[in-house]
Every structure is written in C-alpha cells, then in structure tokens.
1. Per residue, how large is the accessible surface of the chain? Use a 1.4 angstrom probe and give square angstrom.
2. Among 182-190, 153-161, how do they line up by average Cβ neighbours within 10 Å per residue, starting with the highest?
3. Using the Cα centre as the reference, give the magnitude of the dipole from point charges on the C-beta atoms of the chain (Lys, Arg: +1; Asp, Glu: -1; all else neutral), rounded to the nearest 20 debye.
4. Net charge around Ala215, counting only other residues with Cβ within less than 13 Å of its Cβ (Lys, Arg = +1; Asp, Glu = -1)?
5. Across every pair of different alpha-carbon atoms, what Kirkwood hydrodynamic radius in Å does the chain reach?
6. Sort 127-134, 173-180 by the packing proxy (mean of other Cβ within 10 Å over each peptide's residues), most packed first.
7. So, how do all the Cα-to-Cα distances of segment 62-149 break down into 5 Å bins, in percent, from 0 on up?
8. Would you please classify the overall shape of segment 127-202 from the alpha carbon gyration tensor, given that a ≥ b ≥ c denote the square roots of the eigenvalues, rounded means a/c under 1.5, and beyond that prolate means a/b larger than b/c while oblate covers the rest?
Amino acid sequence: SFLPKEAPTVPGWSIAGAWESARQVGGDFYDYIPLSEKRLGFMIGDVAGKGVRAAMGMAASRSILRSVSRRGGGPAKVLRDANLRLHRDLGKQLLLTLVYGVLDAETKTLQYCNAGHNSPLLVKASGKWRALKTGGLLLGVFDKQQYKSETLHLEKGDVLFLYTDGLVEAHTPGPHRVEFGEPRILDFLLKHRHLRASAIIDAAINYVNEFTEGAHQHDDMTLVVLKVL
C-alpha cells in the first residue's frame, strides 16, 4: 500500500515502475512526488535486511523522504536533511541506499543524487551510455554526511533505468548458480531502449524470469524507468 498505484502522467515523458518482493513484505521501495506542475521528484531505495523489519524501515524512510522533499531544495539538500532525520530517529537500526532525482518536464533536465545505491544507467538514443554515481554514502550511518548532485540535459529517446540489487543478484538455479549481473542489464537496455518505459520493465521482468528459470530469489527487486518521448 506504500507503493504508487500508478505512474504519473508527465507530458513528454514515459514513466513506469515495478516491485517484486522476495517475501510477502520487503525493504525495497520506489515513489513519485509531484513538486510543481512541471517538476516531479522520484526515488528508488533499498533498506538492508529482509521481511517485516526491512518493511518497517522502508515505511519510515519513505515518510521522511516525502516530507523533506516537499520542503524544496535540490537532491543533495534533500538527502542531507533526510539523512539527519533518519540517523536521529532510527540510528543504527537502519541502513538505506537510495537514488533521489527531480525531473523538469519543460526543460528536459534531470537532477539526481545517489546515496550508495546501484548506479542508475542512462542510455542515450544514440546508444551511448553512462552510470550515474554522483552523490555520497548510504543514508542513516553518519549524521553529518554531505552529498553532491548532478544535472543532466536529456534528449528525445534517452532512457534512465533505476534498479535495486535484487536484479543484479538474480541467479540461475542449482549449486553452480550464475548471477544476472550488471553487463546483462546494460546489454538488455541497449537492445530495448526503443520501447516505452512500461514495455522496458515488462521485458526486463520476463528476461529475468527466463534467466532464473523460476528459481526462488532471496532479495527484493525493484525497477523504475523514465524515458523522454
């Protein structure tokens, strides 16, 4: 019930997200936060641990991040302020990796900050790509951690793919298991970047399910895709 019921409608953008828990509840989450008519905040996070404890940490983290982001400021300030709250309220009970970004639908700019999370992949329409690493340490560890943000100018056909480590660590069955790994993610995106956001996510989930042959996975998996139309 904490996850978005549907993706927001933003003119000129295709947006989609998906969440699959390894158990009935988990610590992965994603969210969208309308900041103005033209600006949308979004996030993807992963609370360390499994089950109910991770889910409770996720709920608390989501609430704090929503509150802080609506006060305004760029992603670096949002994560700095959120980290202070998380450290004060939850202390060592919570370790959270997170990417928080703000897209401007009119200027086609994206500002983001990565707090120790798997690096999102930006794949250009031309096929060029880069991993988005600018930010700082994961949230909740130190009370006075500083963060940096980066602003990107996107063009038609560009795809931003965000994910949690459940995708990287998805594996084949049996004692000699092989992990899905980051190279497969990039290869998949390069081949499917022409699709809309929801179709990219559907294709990714199908690909992972085929790769794992239906084997039970031990980590949550969450995906968020934003594409410029």
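The values are calculated or read from the model by the stated rules, or taken from the named source; none is laboratory data. Quick caveat: nothing in here was measured; it's all calculated off a predicted structure. All Cβ positions, glycine included, derive from the backbone under ideal geometry; neighbour counts span all protein chains shown. Only protein heavy atoms, including side chains, enter the accessible area calculation; ligands, DNA and RNA are left aside. Shrake-Rupley method; radii C 1.70, N 1.55, O 1.52, S 1.80 Å.
1. Per-residue accessible area for the chain comes out at 48 Å².
2. Final packing ranking: 153-161, 182-190.
3. Numbers: 29 positive and 24 negative charges, 157 e Å.
Dipole of the chain, to the nearest 20 debye: 760 debye.
4. Here the charged neighbours net out to -4.
5. Working: mean 1/r = 0.0566 Å⁻¹.
The answer is 17.7 Å.
6. Taking the mean over residues of other Cβ atoms within 10 Å, the ranking is 127-134, 173-180.
7. Taking all Cα pairs of segment 62-149, the binned fractions are 3, 15, 24, 24, 17, 9, 6, 3, 1, 0 percent.
8. Working: a/c = 2.60, a/b = 1.13, b/c = 2.30.
Oblate is the answer for segment 127-202, as a/c is 1.5 or above yet b/c matches or exceeds a/b.
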